[in-house]
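Report on one structure; see the data block that follows.
Throughout, read-outs are computed from the coordinates displayed, never taken from laboratory work. Quick caveat, the model's predicted, so the values are computed rather than measured. Here the Cβ positions follow ideal geometry from the backbone for every residue, glycine too, while neighbour counts run over all protein chains shown.
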Amino acid sequence: MKVKMLSRNPDNYVRETKLDIQRVPRNYDPTLHPFEVPREYVRALNATKLERVFAKPFLASLDGHRDGVNCLAKHPKSLTTVLSGACDGEVKIWNLTRRKCVRTIQAHEGFVRGICARFCGTSFFTVGDDKTVKQWKMDGPGCGEEEEPLQTILGKTVYTGIDHHWKDPVFATCGQQVDIWDEQRTSPVCSMNWGFDSICSVKFNPIETFILGSCASDRNIVLYDMRQATPLKKVILDMRTNTICWNPMEAFHFTAANEDYNLYTFDMRALDTPVQVHMDHVSAVLDVDYSPTGKEFVSASFDKSIRIFPVERSRSREVYHTKRMQHVICVKWTSDSKYIMCGSDEMNIRLWKANASEKLGVLSSREKAANDYNQKLKEKFQYHPHVKRIARHRHLPKSIYSQIQEQRIMRESRRRKEMNRRKHSKPGSVPVVSERKKHVVAVVK
Amino acid sequence: MHATKAAKGLLALSQQEELVDLPTNYPLSASEDEGDGDGERKHQKLLEAIGSLSGKNRWKSAERSEASLKVSEFNVSSEGSGEKLALSDLLEPVKPSSSLTAVKKQLSRVKSKKTLDLPLNKGEVERIHREVAFSKTSQILSKWDSVVQKNREAEQLVFPLEKEPASFAPIEQVFLDWKARTPLEQEVFNLLHKNKQPVTDPLLTPVEKASLRAMSLEEAKIRRAELQRARALQSYYEARARRMKKIKSKKYHKIVKKGKAKKAIKDFEQLRKVDPNAALEELEKIEKARMMERMSLKHQNSGKWAKSKAIMAKYDLEARQAMQEQLAKNKELTQKLQVVSESEEEGGAEEEETLVPDAVNEAQMNADGPNPWMLRTCNRDAQEDEVQADSNELPEPVAHEFSENEGNEKPEAEEDVLLKEFEERRSLRKRSKLNQDAKPAGGQDSATKEVLSELKALSQKLSKDNRLSKKPKESPAKTVLLVQDEEPAPEEEEPLLLQRPERVQTLEELEELGKHDCLPNKELPGAAVEGEQVRRNPQEKLKGKKKEQMISLQKLLTTRTPSVTSVAVPTTVEEQEDEGERDQKQMIKEAFAGDDVIKEFLKEKRETIQANKPKDLDLTLPGWGEWGGMDLKPSAKKRRRFLIKAPEGPPRKDRNLPNVIINEKRNIYAAAHQVRVLPYPFTHHQQFERTIQNPIGSTWNTQRAFQKLTAPKVVTKAGHIIKPIKAEDVGYQSSPKSDLSVMQSNPKRRSKHQKQLKSSID
């Protein structure tokens, strides 16, 4: 009879000091660790479930406005500061860490149509229904001083939007035409128009900063070149575009939030076909903002929800809604790419996590490793039906849910009708038009 | 329309050229200089004259008086005529007059030049501008293509993209808000503080600075060299001392001791010569030490330690030796200083004393005269030794000597006897043990002989020394005893032996001693052999047993081999190891003796094959066209006719695998977890399967690989503002000019736009 003895060398498992890490002996022989795919599958399933369990995106609601929040602006240098303009002409500056309003200004009579901070963060500009452009200091007035704008420009027409240049002391307003202003002057340096409709929003390209994009209420998106003081191109879509946002990492891509419930990502060099049509909203999309990483964007809609879309996907990865949140008018993605803010009709600004199940605060290295692993597992098994089902499942308000059903039926019937028409007409007379091309009416040079 | 316009343009141009080229004293220009009305009239006349000259356009010229839509300054119009007005028409009338050659020339020059195109309308122009600007912008933007592509395909993107430049704060600033936290840091901090170590350059304490100032360079160099040498020397001596300390050689130590003794003697001699009183004092000191020793119970085996050792001594050789050593020490200490009896050389005696101050007592005792008590014990010892040597079975007990040396005055007979018995028994045990030990240590007899011869040589040498130095008499028994005592570990005690040369007196005694030594040693081998015999016997017995066992195992193997032969495994090497396994197999076989698994399996397989076979369809209707009723079967013919044979299904996958059943039915429970269609980016199912089959967990991958596999695609840091990508971030050069300055340096467009703006405001 052979006697088997256990013999162990303490060097293999005893730490030299108590501060050493524990040695975990591993044997990577694959025969000792069978069933790798099923085991990882189960892990992926669990990770997906846990992600849903921990998905608690809502962080805070900033209340204090006395009318609907019409516009939001980020501070370019500080993550904690947010500016918001309301429909009663009030501008508030918020501190996000304290979740408190730090300053309130009665800036305009009527709506505050647009707000933007200067690139250095020392002052900000507002435009309102009272046909004025006002510049304000970011810091509050001293004790006993009146709250007064640094500069007020009285215009001839109503300004509907404003954006500041990313490097130079130049800002652009829109209304009847797009005006480029030097900060030192009271008249615009140049104004560009093409057609005679009111322009509702203007945005500077953050990378090639001389390019501007605007959208007018005659359903078109116009691009301008500030240096040559000329419009570049115009694309006419099915319906009106409410606003556009440039991708901060890809100089020629921008996304347009359209009234026809969709968002369109364009390559500005090829406007005849959008790069991607993002559809999931069930009502007009009112605002869009890119994540600073340029990989995702968030859109606010009239359907009382905000959605997060990956840039290259046509369907949203996340939808946020609250019972009390009404039509969302403006939305911003914070500059550290971790949070989303949205201002809505019912006078509140809400703060959300960009990743619903992300743990806030400091993570230990093990936590981080586990997190990464789970993320990769979810990615790996994302096509498996159970994982997919759990990952995609969202509770939606009844209104949105029924709207989705309804629109699906509508789309289906439209598709069926087109198919029937194609079937019963001469071959080739009813061409197949891709979804991307369908919504572009024309490109005007 | 077009033509007129062209002409107009041309004329305007020609006029311009005229303005430039014509000399001021030219008549035409002079006429122009005149008043408007006058000039007009004259011009009219001129034109009329030209008209009359040609005689062609008379009626046209009459029409000219009417208000025309297009009025030019030359009143030249082809309107209504439907003809084109060519330059030649204008030149024709000029031909004859030589005064107008200059004009002619100029006009011909104009004619040779190309005409400008018609300026496009505003909308067209703007469109062209837009297109140009657009293509320019697209070109500028297309430099980002590669960057976008790279970022989209990147394994990992870390935001913010721009690296924060490492800022180097001056060290004082860093130190301002730094505190020593850990004890080590505090210690270091204190040290630095104590030395007033400055943190910045020149990093010298005030003391160091002062010393630098105090010493010149050469001095410092010399001093440094000295210090270096001293350090080197010190280290050398240290090393030497360490080396010497490590030396195990007894001979060396012997020599060293001798040297020391000699030195001591010399010193004493000198002392005696120089200062006899001091020498006497020295002697007294030694004497005093002896007395103290005699008085005290030190080294007399009466202490706690000694008692514990006495108990241990029964079982432990070392303990016994330790006790013996202690006793020996006691003896040495209590021996009286030898007073030189015969010779008056006090110095010599003293010399001896200093040489071995501890070990001189006996001689003195001898010199003092025969101490009957001491003598008695000595003699007795000797006798016992002799007895022991003779008998060889019973080496004289050591504890016996203790008991006598302990200095207990009264002879406790009973106790003594008891102790003696104890010791005897113990020594017996020890002897046998020793014999056993001796055998494996060396070549049995030869080894012991060698030891013996060595001892002999030693003793001879000693005797020689003694004779030379004319050592005083000494009881032979003592030496014998000593030697005998040392016998168990002769090598260890060599230096002790050598330390007392003065005790061995005569050659005869030494011879005797040699005999004594010899005898037991001679006797030893016999005992050893006997012991061996005894020991060998059990071994042989064991061997026999083993053999028996082996055989029995062999038997087992042979009985079993037939059943194992089919498994063609080279078992020769692992036979021994296989024993256990085989036993286990046997056990399992016994345990599951009843059930035949293989048969069951085959049966199961047959059943499943049968169940999965497509069934024949029997459409026979009993009673149709035939008699029906109980126990009436449809005819075979009919059955054959209406039986629809099922088509042969595809061959089973397990038809060539006898011990496998492959279930070819689709498992719906598993299917619920499987991907039904190939997902988008993959073009072949193998691609997709490969991505699934490669595990990414740390269970299957090394730490490094795991980290690499699970690295997230986008990494962002909390609390860091991510700015839009810049040209500098990706290595492009951004335009040095600001957009505003570029715009303002474009005056034409700007002015135009301002004009536009003005018009729009108006």
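At a glance:
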quantity	calculated
Average projection area in nm² (convex hull over Cα atoms of region A:1-130, one quarter of hull surface)	17.4 nm²
Förster radius 30 Å - calculated FRET efficiency between B:Gln674 and B:Glu153 (Cβ-Cβ, nearest 0.05)	0.50
Selection of trypsin sites (Lys or Arg not before Pro), region B:209-255, meeting DSSP coil and at most 14 other Cβ within 10 Å	B:Lys248
Calculated over region A:91-134: convex hull of Cα atoms, volume per residue (Å³)	79 Å³
Computed over chain A: relative contact order in percent, which uses C-alpha pairs under 8 Å that are six or more apart	13 percent
Fewest-first sequence of A:Ser335, B:Ser249, A:Ser187 by Cβ atoms within 10 Å of each Cβ	B:Ser249, A:Ser187, A:Ser335
Descending Cα extents along the principal axes, region A:158-302, whole Å	44, 32, 26
Rounded, prolate or oblate (a/c below 1.5 giving rounded, otherwise prolate when a/b exceeds b/c) for region A:276-325 by Cα gyration tensor	prolate
Two-site label geometry, B:Lys194 and A:Met5: point separation in nm, points 7 Å out along Cα→Cβ	5.3 nm
Overall form of region A:149-229 per C-alpha gyration tensor (a/c, 1.5; a/b vs b/c)	oblate
Degrees between helix A:398-423 axis and first principal axis of chain A (Cα, 0 to 90, nearest 10)	80 degrees
Extension gain, A:Arg392 back to A:Thr152 (0.36 nm per residue minus Cα-Cα distance, nm)	81.4 nm
Square roots of five times the Cα gyration tensor eigenvalues for region A:357-445, Å	43, 19, 16
Region A:86-225, Cα convex hull volume normalised per residue, Å³	125 Å³
Cα gyration tensor, chain A - rounded (a/c under 1.5), prolate or oblate	oblate
Separation of the A:Arg366 and B:Met215 label points, Cα + 7 Å toward Cβ, nm	5.6 nm
For A:232-241, mean number of other protein chain Cβ atoms within 10 Å	2
Estimated distance in nm for a label pair at A:Asp29 and A:Arg421, the labels positioned 7 Å out from Cα along Cα-to-Cβ	7.0 nm
Shielding score for A:369-382, defined as the mean number of other chain Cβ atoms within 10 Å	4
Dimensionless Rg ratio for region B:275-316, taking C-alpha atoms and the 2.2 N^0.38 Å reference	1.86
